[in-house]
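Read the structure below first, then the notes.
The values are calculated or read from the model by the stated rules, or taken from the named source; none is laboratory data. Worth saying up front: this structure is predicted, and the values here are computed from it rather than measured. Cβ atoms come from the backbone with ideal geometry, glycine included; neighbour counts cover every protein chain shown. Surface accessibility is based on the protein's heavy atoms, side chains included, excluding ligands, DNA and RNA. Shrake-Rupley method; radii C 1.70, N 1.55, O 1.52, S 1.80 Å.
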Amino acid sequence: MQRIRTLLRGDGDIGKAQRMVLFTFGVRVFGAAFAYFLQVFLARWMGSHKYGIYVVVWTLVIVLGVIAPLGFNSSVQRLIPEYLVRGRHRLLRRLLSASRIIAVGSATVLMLVALSVIWLASDHIPAYYIVTAYLAALCLPMFTLTDVQEDIVRAGEWGDLAMLPTYIWRPLLIVIGVLVASFAGFSHTATTTCLAAICATALAALYQKFSMDRRLKRVVVPGSKDWAAGDWLRLSLPIFLVESFFTLFTSADVLMVSYFAPPDQVAVYYAAAKTLALVHFVYYAVKTASAHRYSRLHYSGDHEGLASFVHRSVRWTFWPPLICAAVLLFSAAISCVCSARTLSAGMTFWRF
């Protein structure tokens, strides 16, 4: 009961972090369930072949969307708490605008490069990917803007504004866009879905931007601004390399499968791979709630509190994924056993 009271009413870093972890994890779980509904809906709406085209190009958007911010999407979580603790408000004001400008500018350049590559390599790309790939590339700047803004509002302890636009509003708007297109007589294709995704991403990004700017006015007073571009880049570029490789590690498999297999088989592989990714949500939730607190505890000189917080973060990261993996394993085993038709239950379970 004491732990529950601390969780619900604690004012320290641990209590706030636990609440943010639970909120983030809850949104991600609900978002995952909704994303599953969205993927099933899109697969049924388009068919496996066209759905496979969509997941390949959207995976490409995710990979490029992580590369485009040049690491600013994560470095702001370290810099914003530091500037707040040390009272460097002029640097903070510039960082809040410059991080978004640099990220969107980089994403725009990357978008132009992607469009050029698609055009130059069109003879070597299957024809059914080309139009959808063009549209997906146009989505990159707004996708990147949402990614950077998500980390800025995390540092401000605004979990609702960090999570809801990306994991709730955008999928919901995609569903609405697809339904509107269907009633308007548009064909059930990956191109139509990409158009809906572009509109949904833009609306979610703009809603997040205006809401964030309104909240920032209460925290950051207007005034002069200072540049520290060299320090920002020295911090951001190593993060950019790490996160780029991590994203390639977790997403490049879909792109590689698309090279060797037709879209309908890619769709099946994507559905199976995303089921395994459910365990990753716990790590993501802990990272979301912890990164900026590491920075604040370090720069405030509370090394004992930092050590305790790191220890708790490790526990939060290890045990829940272990339980989730066991639940997924058990559920898959039961599914295999229950779906057997010609094999005995024991043989089905052993083969699994």
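Numerical summary
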item: One residue from 187, 224 being modelled with pLDDT of 85 or more, loosely packed, with under 14 Cβ neighbours inside 10 Å and outside any helix (DSSP H, G or I); result: 187
item: Those residues of the range 88-111 which are open to solvent by 40 Å² or more (accessible area, probe 1.4 Å) and either over 25 Å from residue 232 (Cα atoms) or basic (Lys, Arg) (or both), in sequence order; result: 88, 90, 94
item: Out of 210, 246, sole residue that is modelled with pLDDT of 90 or more, assigned to a helix (DSSP H, G or I) and among the aromatic types (Phe, Trp, Tyr); result: 210
item: Pick from the range 190-221, criterion among the charged types (D, E, K, R) and open to solvent by 50 Å² or more (accessible area, probe 1.4 Å), ranking: nearest to residue 99 (Cα to Cα); result: 209
item: Residue 151 vs. criteria at pLDDT below 90, buried (at least 21 other Cβ atoms within 10 Å of the Cβ) and part of a helix (DSSP H, G or I); result: yes
item: The range 77-94, subset of a type in the set (A, V, I, L, M, F, W, C) and out of contact with any Ser or Thr (no Cβ under 9 Å at 6 or more places or on another chain), residue farthest from residue 202 (Cα to Cα); result: 84
item: Exclusive hit being without any contact (Cβ under 8 Å) to a residue 60 or more places away in the chain and part of a helix (DSSP H, G or I), set 202, 267, 307, 291; result: 307
item: The range 155-166 residues that are among the acidic types (Asp, Glu) and buried (at least 20 other Cβ atoms within 10 Å of the Cβ), paired with ones that are part of a helix (DSSP H, G or I) and at pLDDT below 75 (beta carbon under 9 Å, 6 or more apart); result: none
item: Top-ranked residue in the range 270-295 [being open to solvent by 50 Å² or more (accessible area, probe 1.4 Å) and within 10 Å of residue 77 (Cβ to Cβ); ranked as modelled with the highest pLDDT]; result: 294
item: Where a residue in the range 235-247 is in contact (Cβ under 8 Å) with a residue 40 or more places away in the chain and closer than 7 Å to residue 71 by Cα and its partner, wherever it lies, is open to solvent by less than 80 Å² (accessible area, probe 1.4 Å) and part of a helix (DSSP H, G or I), with Cβ under 6 Å and at least six apart; result: 236/72; 236/75; 239/74; 239/75
item: Condition met for residue 60 (assigned to a helix (DSSP H, G or I) and among the hydrophobic types (A, V, I, L, M, F, W, C)); result: yes
item: Within the range 106-143, tally of residues that are of a type in the set (S, T, N, Q) and in contact (Cβ under 8 Å) with a residue 24 or more places away in the chain; result: 3
item: Filter pass, residue 130 being part of a helix (DSSP H, G or I), at pLDDT 90 or above and either in contact with a strand residue (DSSP E or B) (Cβ under 6 Å, 6 or more places away or on another chain) or over 13 Å from residue 66 (Cα atoms) (or both); result: yes
item: Yes/no for residue 57 being out of contact with any Gly (no Cβ under 7 Å at 6 or more places or on another chain), within 23 Å of residue 115 (Cβ to Cβ) and at pLDDT 70 or above; result: yes
item: Residue in the range 296-312 that is at pLDDT 75 or above, surrounded by fewer than 16 Cβ atoms within 10 Å (Cβ to Cβ) and touching a Gly at 6+ places or on another chain (Cβ under 8 Å) present; result: no
